[in-house]
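The values are calculated or read from the model by the stated rules, or taken from the named source; none is laboratory data. Since the structure is predicted, the reported quantities are computational estimates derived from the model, not experimental observations. Here the Cβ positions follow ideal geometry from the backbone for every residue, glycine too, while neighbour counts run over all protein chains shown. These accessible areas exclude ligands, DNA and RNA; they are computed on the full protein's heavy atoms, side chains included. Shrake-Rupley method; radii C 1.70, N 1.55, O 1.52, S 1.80 Å.
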Amino acid sequence: MSKPTLLILAAGMASRYGSLKQVDGFGPHGETIIDYSIYDAIRAGFGKVVFIIREEFLEKMKSVFDEKLKGKIEVDYAFQDFDLTKFGVSHVIERTKPWGTAHAVMSAKDKVHEPFCVINADDFYGSDSFQKMAQFLTTEVSDEQMSLMGFQVGNTMSDYGYVSRGVCEVTPSGHMESVTERTNIYYKGEGDDRKIVYEENGVETDLDPKTRVSMNFWGFTPKIFEVAQAMFPAFVEENKENLKAEFFIPSVPDYMVKHKLADFKVIPTSSKWFGVTYKEDKPIVQESISKLVADGIYPEKLF
């Protein structure tokens with residue numbers, strides 16, 4: 001079986017962060033968060049990395065990644081843009097942002113022909129997650145059996161504002177029953193009274209800190225492109241007047257489960273995620289990486 005591919009979602013504009021966080025430095029020698037993900041993926045046995053970016057970022061991304069990854073892993077790029085005709089949609093819709101994470105994944109359909117893993121560029125997942133996903137993608141994956149890494153929501157929060165997470169319902173056998181994108185999850189209260197809630201339509205709902213959530217760390221086969229593309233025209237038609245509507249990844253696995261097209265194994269991890277949604281998150285991420293380097297989990301210089 002061919003080595004799995006790592007697909008990195010790096011087309012976001014980082015509106016809450018304030019700059020192009022995909023290439024911001026966090027490690028002791030200016031390493032990006034993506035560098036650590038790629039380092040973990042190489043150690044786990046991935047054979048290729050595909051960056052999904054906006055085309056105007058290409059030269060910057062190539063200058064940051066191509067030379068240091070040369071000879072270590074195959075590198076390619078796919079562009080997320082506003083041309084919907086390649087996905088069977090004839091509408092021309094003026095938007096300032098592309099159509100979301102599932103649309104981003106669809107943009108790589110001509111670049112990926114083997115089992116693959118999808119991650120966010122600005123999330124630090126840890127080596128355990130990549131080892132477990134590589135094992136799944138080389139021994140278990142099929143068009144009828146895909147997966148996601150199931151993080152505990154309490155291990156994925158920011159102290160500086162709201163976050164978006166795919167909240168999972170998990171069966172006793174460890175498979176996803178449903179996943180719902182919650183775009184407004186945050187802490188409420190202080191001290192011992194602090195709890196995690198999400199807000200939707202003005203209503204707050206409590207979330208148990210151990211609730212499994214998707215951090216956009218999915219294990220797919222190329223079958224996902226076919227299903228997403230079949231769903232996308234209807235989504236665009238329903239949302240052509242809503243310029244903020246986004247076609248999120250969780251909606252595709254959720255559809256596949258509910259229509260019995262595939263099962264999704266929830267691979268549990270107790271790893272503490274960290275990432276950069278806000279500028280204020282940066283020193284926390286830098287400190288966390290410094291500790292991992294000091295503990296010998298990562299070398300001081302990755303590449």
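Of the solvent-accessible surface of segment 241-292, computed with a 1.4 Å probe and all protein chains present, 55% belongs to carbon and sulfur. Residues in segment 73-144 average 41 Å² of solvent-accessible surface per residue, probe 1.4 Å, ligands and nucleic acids excluded. Near R182, once Lys and Arg are set to +1 and Asp and Glu to -1 for all other residues with Cβ below 10 Å from its Cβ, the sum equals -2. Checked against a 30 Å cut-off, the cross-linked pairs K279/K301; K132/K223; K60/K240; K244/K279; K60/K279 give Cα-Cα distances beyond that limit for K60/K240. Backbone phi angles across segment 47-61, fed through the Karplus curve with coefficients 6.51, -1.76 and 1.60 (θ = phi - 60°), yield HN-Hα couplings of x, 8, 10, 10, 8, 9, 9, 7, 4, 5, 8, 4, 5, 5, 5 Hz in residue order; Gly and Pro are listed as x.
GNM remark for the chain: springs join alpha carbons under 10 Å apart, and the peak mean-square fluctuation among A121, A245, A234 falls on A234. Largest GNM mean-square fluctuation among S251, S63, S147, using the chain with Cα springs under 10 Å: S63. If you sort the three axes of the alpha carbon gyration tensor as a ≥ b ≥ c, you get a/c of 1.5 or more for segment 87-134 and a/b no higher than b/c, which makes it oblate.
For K62, the lysines whose Cα falls under 16 Å of its own Cα, not counting residues fewer than eight places away in the same chain, are K21, K48, K70, K72. Extent along the principal axes, Cα only, for segment 1-118: 44, 40, 21 Å, with the longest axis given first.
Of the chymotrypsin sites (Phe, Trp or Tyr not before Pro) found in segment 62-115, those that fall in a DSSP loop while having at most 16 other beta-carbon atoms within 10 Å are F82. Accessible surface calculations at 1.4 Å, restricted to protein heavy atoms, place segment 200-285 at 50 Å² per residue.
For the chain, what is the percent of antiparallel DSSP beta bridges, rounded to the nearest 5? Of all bridge pairs located within the chain, approximately 60 percent are antiparallel. When Cα extents along the principal axes in Å is calculated for this entry, the matching label among [x] 50, 46, 44; [y] 51, 51, 41; [z] 52, 45, 36 is [y]. The GluC sites (Glu not before Pro) found in segment 113-208 that occupy coil by DSSP, while having at most 11 further C-beta atoms within 10 Å, are E190. Quick check: from the Cα gyration tensor, does segment 107-236 come out rounded (a/c under 1.5), prolate or oblate? The shape class here is prolate.
For T32, the accessible surface of its heavy atoms amounts to roughly 0 Å² (probe 1.4 Å, protein chains only, rounded to the nearest 10). Restriction of the GluC sites (Glu not before Pro) in segment 44-112 to DSSP coil positions whose beta-carbon has at most 13 other beta-carbons within 10 angstrom yields E94. Take the Cβ atoms of K111 and E200, set R0 to 30 Å, and the FRET efficiency comes out at 0.30.
Here segment 1-149 has 48 percent of its accessible surface on carbon and sulfur atoms, given a 1.4 Å probe and all protein chains in place.
The residues neighbouring K111, those whose beta-carbon lies less than 12 Å from its own, together hold a net charge of -2 under the Lys/Arg +1, Asp/Glu -1 convention.
With 0.36 nm allotted per residue and the present C-alpha distance subtracted, the K97-T183 stretch has 29.3 nm of extension available. Here the convex hull built on the C-alpha positions of segment 196-289 has a volume of 175 cubic angstrom per residue.
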